[in-house]
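The values are calculated or read from the model by the stated rules, or taken from the named source; none is laboratory data. The model shown is predicted, which means the values in this text are computed figures rather than measured ones. As a convention, Cβ positions derive from the backbone with ideal geometry for all residues, glycine included, and neighbour counts pool all protein chains shown.
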Amino acid sequence: MIWPVVRIAPSTVNIMSVEALKIIYGSRESFRKSPFYRLLAVPGQQGLFNTVDVEFHRRHRRLLAGPMAESSLQSMLHVIEARLALTLSRIKGEAASRGAADLFKWWIFMATDIIGELTFGDSFRMLELGHANELEQGSFVGAVRCTFPLLVRLCSVIPLPVFKRVHDAGERMTQYASDSLERYRGLMASGADAVPETLFSRVFKANGEGTMPYNEIRDEALNYIAAGSDTVSVTLTYLTWTLCRKPDIRDRLVGELRTLPPNFGAHELRELPFLNQVINETLRVYSAAPGPFPRLVPSGGAHLAGYFLPGGTEAFSMHRDPGIFPAPGEFRPERWASPTAAMKEAFTPFGRGARGQHLARIELRLATARFFLAFPEVRMSSLEGMCDDDMEPVVQLFLTPKRKRCLLELK
């Protein structure tokens, strides 16, 4: 039996209820973000995701919503397509020389390069270099910072290696973001031709109420990098791995993809039913950001899922409910052919009102389609001892494979 309400700490309750989900995340004025979110940020910084200030959130959401709209992202599709083409080339090259390709690595490089170029106007060039930099380690840094906040802040006095590494990584990431944005601002001010469009171009050009202080742009940029790399790369990793384990689903997907015109793009993929069912099921089974993302019960308390919770209690919820998703541990894309109202309400892989979900879905559709059309017979690999245990999901703020690799063979 699964209980809908479980107390997991003195003032923290986990709730699995669609009705409670709507109440908790449907009203920012009542159920405000808990102090947990502030632990995810470098001290002194805040952005849309980690702020607990309602007015700050409202102002930033208004200023940043436009560039993240699906219509606005159309002008940036060429960046995604170019990075994706290079990714497929690097995957093919590694498979030829090594005998298998590490999809976890290449999807991380691709997603981080894409969000880097869309944020700063220039890629991190991880795909070209073949290795990561500190901006790819956002999940690990965030996990350590929110678990051991005091030790991270005291690392200058108590230089324990792991915590000093996290502190120093945060400092270098902030400096990198400042330097990159300063270069982009200078490029815009110079009146140079062909200045690349970014997710912050409108804010840089704006006047009056449309402006944002430079340090706030920098902090939002760092949030974009962390959120825009792990969520996409982890989802693609588990999607490709799962379809290799289920060739019947893979073959059905490839069959649908082969009905596309030769010059297809993001618009055509939006309309493919089975492709989107596969993506939704991957997001459900392997939610890249499984939480917790708690909210505070308002002063005076509240009734949730049949229980009264006093004010100040931290409440968060999950969307794996067997009453809503029969056989929740099984990968069944067809369940999304006719989703129930309860399924739609419970399905929140990007959180409620997530700004970046349009960009994430565009990347997921394009990468899935182009990968399986290029490598329709991709299969599991046992090279270097690769096995299913390597893919056991581990939560480090975001989900990640236990061995941080996913070796697949291109037949």
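Please count how many residues of segment 215-261 are in contact with a Pro (Cβ under 9 Å, 6 or more places away or on another chain) and hydrophobic (A, V, I, L, M, F, W, C). Break it down stepwise before answering.
Keep residues of segment 215-261 that are in contact with a Pro (Cβ under 9 Å, 6 or more places away or on another chain), which gives 231, 234-235, 237-238, 241, 249-254, 256-258.
Okay, now just the ones that are also hydrophobic (A, V, I, L, M, F, W, C), so 234, 241, 249, 253-254, 257.
So the count comes out to 6.
Mind listing just one residue for me: the one in segment 393-404 that is out of contact with any Ser or Thr (no Cβ under 9 Å at 6 or more places or on another chain) and under 19 Å from Trp106 (Cα atoms) and, of those, surrounded by the fewest Cβ atoms within 10 Å (Cβ to Cβ)? Break it down stepwise before answering.
Step one: of segment 393-404, the residues out of contact with any Ser or Thr (no Cβ under 9 Å at 6 or more places or on another chain) are 395, 402-404.
Cutting the leftovers down to under 19 Å from Trp106 (Cα atoms) gives us 402-404.
Numbers: Lys402: 11, Arg403: 16, Lys404: 14.
If we take residues in segment 393-404 being out of contact with any Ser or Thr (no Cβ under 9 Å at 6 or more places or on another chain) and under 19 Å from Trp106 (Cα atoms), then Lys402 is surrounded by the fewest Cβ atoms within 10 Å (Cβ to Cβ).
I need a count of the residues in segment 216-249 that are free of Cβ contacts under 8 Å to residues at least 40 places away in the same chain and touching a helix residue (DSSP H, G or I) at 6+ places or on another chain (Cβ under 7 Å).
The qualifying residues number 1.
Which of the residues that make up segment 359-381 are in contact with an Asp or Glu (Cβ under 9 Å, 6 or more places away or on another chain) and among the hydroxyl-bearing types (Ser, Thr, Tyr)?
Residue satisfying the conditions is Ser381 alone.
Return the pairs, sorted by first residue and then second, in which the second residue is basic (Lys, Arg) and crowded, with 16+ Cβ neighbours inside 10 Å, the first residue lies in segment 54-81 and is more than 20 Å from Asn207 (Cβ to Cβ), the beta carbons are less than 7 Å apart, and the residues are 6+ apart or on different chains.
Val54/Arg32; Met68/Arg355
Just one of the numbered conditions (1) surrounded by fewer than 24 Cβ atoms within 10 Å (Cβ to Cβ); (2) assigned to a helix (DSSP H, G or I) is not true of Pro261; which one?
(2)
In this structure, is Phe49 of a type in the set (Phe, Trp, Tyr), crowded, with 18+ Cβ neighbours inside 10 Å and either at pLDDT below 80 or touching a strand residue (DSSP E or B) at 6+ places or on another chain (Cβ under 6 Å) (or both)?
Values: of a type in the set (Phe, Trp, Tyr): yes; crowded, with 18+ Cβ neighbours inside 10 Å: yes; either at pLDDT below 80 or touching a strand residue (DSSP E or B) at 6+ places or on another chain (Cβ under 6 Å) (or both): yes.
Taking the combined requirement at face value, the residue satisfies it.
What about Ser72, is it surrounded by fewer than 18 Cβ atoms within 10 Å (Cβ to Cβ) and either at pLDDT 75 or above or under 22 Å from the mean Cα position of the chain (by Cα) (or both)? Working first, answer last.
Details: surrounded by fewer than 18 Cβ atoms within 10 Å (Cβ to Cβ): yes; either at pLDDT 75 or above or under 22 Å from the mean Cα position of the chain (by Cα) (or both): yes.
Taking the combined requirement at face value, the residue satisfies it.
Can you pull out the residues in segment 208-237 that are of a type in the set (Ser, Thr, Tyr) and in contact with a strand residue (DSSP E or B) (Cβ under 8 Å, 6 or more places away or on another chain)?
Here is the first cut: in segment 208-237, the ones of a type in the set (Ser, Thr, Tyr) are 211, 214, 224, 229, 231, 233, 235, 237.
Selection gives Thr231, Thr237.
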